[in-house]
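Visitor: Sharing a structure with you now.
Bear in mind these aren't lab numbers, they're just calculated from the coordinates by the rules spelled out. Quantities reported herein were computed from a predicted structural model and do not represent experimental measurements. All Cβ positions, glycine included, derive from the backbone under ideal geometry; neighbour counts span all protein chains shown.
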Amino acid sequence: MSFVNFHEQEKISKEIVTDAIESCMKKQADNLLNSLEVIGGRLSQLELYCYKLERSIGELRSDVMDYHNEADLNFQCLEKQVKEVYLFYTLKYQSTLLFLFELCCMMHYCLL
């Protein structure tokens, strides 16, 4: 084997190794880019999901506030009606109770 032949074989071996490394690196870079595209798609889906979730939470909060306000109004209306009924019966039966009290007092004095 001559020195030139050995040098050419070494050069060819280096080219084969370099080509193999470049091919492997290209394959790995392509796989990495593909993975990044998939991750980007998943992040977009997650972003959309979060947006929809935030919107739903906002709508729920609004509905709860509306329900709470409606419940407060209903409670205030009920409270007003109870006060009116109490006032009506207090005024209506106050004279009756006063009469019964006076009658009891008179009966007590009569029995003495």
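Visitor: Let me know the whole percent of all Cα-Cα pairs from the chain that are separated by more than 18 Å.
Guide: Tail fraction, whole percent: 81.
Visitor: Could you work out [θ]222 nm for the chain from helices alone, using -39500 (n - 2.57) per DSSP H run of at least four and dividing by all its residues? Round to the nearest 500 deg cm²/dmol.
Guide: -37500 deg cm²/dmol
Visitor: On C-alpha positions alone, give me the angle between the axis of helix 3-111 and the longest principal axis of the chain, in degrees, nearest 10.
Guide: Rounded to the nearest ten degrees, it is 0.
Visitor: While we're looking at this one, here's another question. Assuming a strict under-28 Å limit between Cα atoms, what lysine pair count do you get for the chain once near-sequence pairs (fewer than 8 apart, same chain) are dropped?
Guide: Lysine pairs meeting the criterion: 6.
Visitor: Evaluate Rg over Rh across the stretch 1-60, taking Cα atoms for both radii and Kirkwood's formula for Rh.
Guide: 1.62
Visitor: Report the charge-dipole magnitude of the chain in Debye, nearest 20, computed about the Cα centre from +1 at each Lys and Arg Cβ and -1 at each Asp and Glu Cβ.
Guide: Around 360 debye, computed over the chain.
Visitor: Where is the GNM fluctuation largest for the chain (alpha-carbon springs, 10 angstrom cutoff): 16, 57, 39?
Guide: So, out of 16, 57, 39, the one fluctuating most is 16.
Visitor: Ok, one more. Please name whichever of 18, 93, 50 sits farthest to the positive end of the charge dipole of the chain, dipole taken about the Cα centre and charges placed at Cβ: Lys and Arg +1, Asp and Glu -1.
Guide: So the residue we want is 93.
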